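What follows is a single structure, written as structure tokens, with notes after it.
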Amino acid sequence: MSELLGIVGAMLSLGTPLVIAATGETVSERAGVLNIGLEGAMLAAAYSGFYTSWQTGNPYLGLLAGCLVGVLVLGATAPLVLHLGADQVVVGTGVNLLCLGVTGTLFVMTFGRAGQLVQVPTVASFGGDMSVNAVMLVAVVLVFVSWRLLFRTDWGRAIRAAGEMPDAARAAGWSVYRLRLQGILISGVTCGLAGAYLSVAQTNSFAENMTAGRGFVVIAAVTFGRWTPFGAAGAALLIAFAYGLQFLIKAYSLPLPYQLFDALPYLIALGVLVGSGRGKAGPAALAIPYKEQR
Amino acid sequence: MRHVAVLLGLLLTLALTLLAFGLPVLESLGHLWEGALGDKFAIHRTLVKACPLMIAGLGMVVAWRGGMFNIGGEGQLLVGASAGAITYQLLHRVEGPGLTALVLAACCAAGAAWAGIAALLYTKRGVNVVISTILLNFVAIQVVSYLVRGPLQTPGEAIPQTTPLPESAMFLRLDPQSSLHTGLFLAPVLAVLIHVWLKLTASGFQLRLVGQNPSAARAARIPVARTQVLALTVSGALCGLAGGVEYVGVSGYLFDGFSPGWGYLSIAVALLGSLEAWGVLLSGLYFGALLAGSRNLEAFGGAPSAFVYAVQGVAVIAFVALQQWSRRRVERAAS
């Protein structure tokens, strides 16, 4: 029984960062901005969270630093994708390369090749074998809050208009640039918290490229979740379940190649994308630059 | 003039990135230069590193010109190399150039098939190519990991790697003391072919039109979906070939970490080569030199090779920013 609770706890822990990042990315995509740089921003946040926690001995400051860096990284792309109308995929690819290079270089320069062994203080957990922590509760709150904001407020209606029909949002007196900037920054906070959670709360350490595609998995989850916070959170938990199966297979040494289970989260993410099919293909103006007349 | 500006810009980004990491700029540039162009062996190293970058970079040009944002070069390259290793395992009676040709053909086919999955998911189910190609990268890494520890692992060998190809099936060495190989000549030949295809044939024109404006292409009765599938599979074939050239030209066997991220780097190579075939040759050489030089820098200067990714990221972002800024300025002047 306690083993089962442990596995459930592990899955919740694996799902937490995915759910958190998915809520913010849902808002951003609703506003019309696809953050391909999510992966890089998460990685940068993971490193800064790790570093801050190591320096200060306070994991919560680490999480805060992660949020800050997430906002900085994605916020830095805003002038490019909003004002200059640069292609969001190209900018995001640049961000991902940059963050991979910067974190890898800083990590080795600061901690040396043996840096993988550095352990940092982690967040407190309670609930016995389930080992629930405060960030998991934050994740649940974020899902409800972002749903309420998106679907029950004027601001949320404006955000959705910015991603669906930006001219209408503009005609109603909203600045599409500002709405999309808000979307980007919100996604920055959540993916920053998610990235820092990976290093500070999940592994208590850092490794080069430790996000290993989680940013892209989050984007897949947002798509499968039909751009709603609850849908995205559900999809994120489903993929987290696949991440969790890896531990199961290793714990019970089943006669299957473990690589199959390492590949499973990505295969499931692909599967959910196929499953979401054509239907309504998301915000109509997603990833399309908007030129605001002044 | 424009090329001089790009080159100066690339050097500036390199210097600024070094500065940002608190490394001594001139000294580090010296280490990079020595490792990349310092002597004959350094130049050979640069050319060898540039080879997969150029070939995969050409693949990126085809896909991106066709409007298919292929980020999955890494996976296509790894699956390509895996298919090469499988072919050798199955056909070990064949020898010499015949084996080389079969191995390379398998690499192309596997790369094309891997990219073809993403192409079909896009045209049949509307799955975003960026996301699907990236997810397939992570699957491909596990495929290699399984193969080198399972069916392809050399019997009686503790290290997870495949049996090396016989010397007769490898590309010829141009210099017995370095790993410079005849596969190098493939890149310029392919560049000419891609250039002619994209710029001088009807099918290349259709591909570019589909990339620029799918609805206009549809109105002109161009089979859009088929063209998109073509762009992505040819791109995958070239990325698979890049893996094959490295397999047949340099290592001769497959192992974990076979690719130091060539698939990702090739995206930057293609973008900085302005999505032109000849531009890819130039930027491929530049980043090949950077990769070769960074090993020297790592040995003497203390910056790990991950540093190359940072330079590439800065270069891509600066490039797209400048491009958009000048485009907007032209638009403003026109209106």
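The values are calculated or read from the model by the stated rules, or taken from the named source; none is laboratory data. Since this is a predicted model, take the numbers as computed values, not measurements. Backbone-built Cβ (ideal geometry, glycine too); neighbour counts: all protein chains shown.
Here are some notes:
- The single condition from (1) buried (at least 24 other Cβ atoms within 10 Å of the Cβ); (2) more than 14 Å from chain B (Cβ to nearest Cβ); (3) in a loop (DSSP other than H, G, I, E, B) that residue A:180 fails is (3).
- Any chance residue B:168 is within 14 Å of chain A (Cβ to nearest Cβ) and either part of a helix (DSSP H, G or I) or touching a strand residue (DSSP E or B) at 6+ places or on another chain (Cβ under 6 Å) (or both): no
- Between A:201, A:269, the distinction of being of a type in the set (A, V, I, L, M), crowded, with 22+ Cβ neighbours inside 10 Å, over 13 Å from the mean Cα position of the chain (by Cα) and more than 9 Å from chain B (Cβ to nearest Cβ) belongs to A:201 only.
- Count - residues of the stretch A:77-128 that are hydrophobic (A, V, I, L, M, F, W, C), facing another protein chain (nearest Cβ under 9 Å) and in a helix (DSSP H, G or I): 14
- Test: residue in the stretch A:272-285 that is surrounded by 21 or more Cβ atoms within 10 Å (Cβ to Cβ) and modelled with pLDDT of 90 or more: no
- Complete set of residues in the stretch A:218-242 that are touching an Asp or Glu at 6+ places or on another chain (Cβ under 9 Å) and in contact (Cβ under 8 Å) with a residue 60 or more places away in the chain: A:218, A:219, A:221, A:222, A:227, A:232
- Among (1) in a helix (DSSP H, G or I); (2) facing another protein chain (nearest Cβ under 7 Å) - the single one residue B:116 does not satisfy: (2)
- Of the residues in the stretch B:135-153, not one is within 23 Å of residue B:279 (Cα to Cα), assigned to a helix (DSSP H, G or I) and either touching a residue at least 60 places away in the same chain (Cβ under 8 Å) or not aromatic (Phe, Trp, Tyr) (or both).
- Condition met for residue A:61 (more than 12 Å from chain B (Cβ to nearest Cβ) and part of a helix (DSSP H, G or I)): yes
- Answer from A:215, A:231 - the residue that is of a type in the set (Gly, Ala, Ser) and within 14 Å of chain B (Cβ to nearest Cβ): A:215
- Checklist (1) within 14 Å of chain B (Cβ to nearest Cβ); (2) of a type in the set (S, T, N, Q); (3) free of Cβ contacts under 8 Å to residues at least 12 places away in the same chain applied to residue A:246, failing item: (3)
- Selection of the stretch A:64-76 for residues being within 14 Å of chain B (Cβ to nearest Cβ) and buried (at least 24 other Cβ atoms within 10 Å of the Cβ) yields A:73, A:74.
- Looking only at the stretch B:250-297, and only at residues there that are among the polar types (S, T, N, Q) and part of a loop (DSSP other than H, G, I, E, B), the one that is surrounded by the fewest Cβ atoms within 10 Å (Cβ to Cβ): B:274
- Those residues of the stretch B:159-205 which are crowded, with 17+ Cβ neighbours inside 10 Å and closer than 20 Å to residue B:232 by Cα, in sequence order: B:187, B:190, B:191, B:194, B:195, B:198, B:204
- Selected residue (criterion: surrounded by the fewest Cβ atoms within 10 Å (Cβ to Cβ)) from residues of the stretch B:120-141 that are more than 21 Å from residue A:212 (Cβ to Cβ) and more than 7 Å from chain A (Cβ to nearest Cβ): B:124
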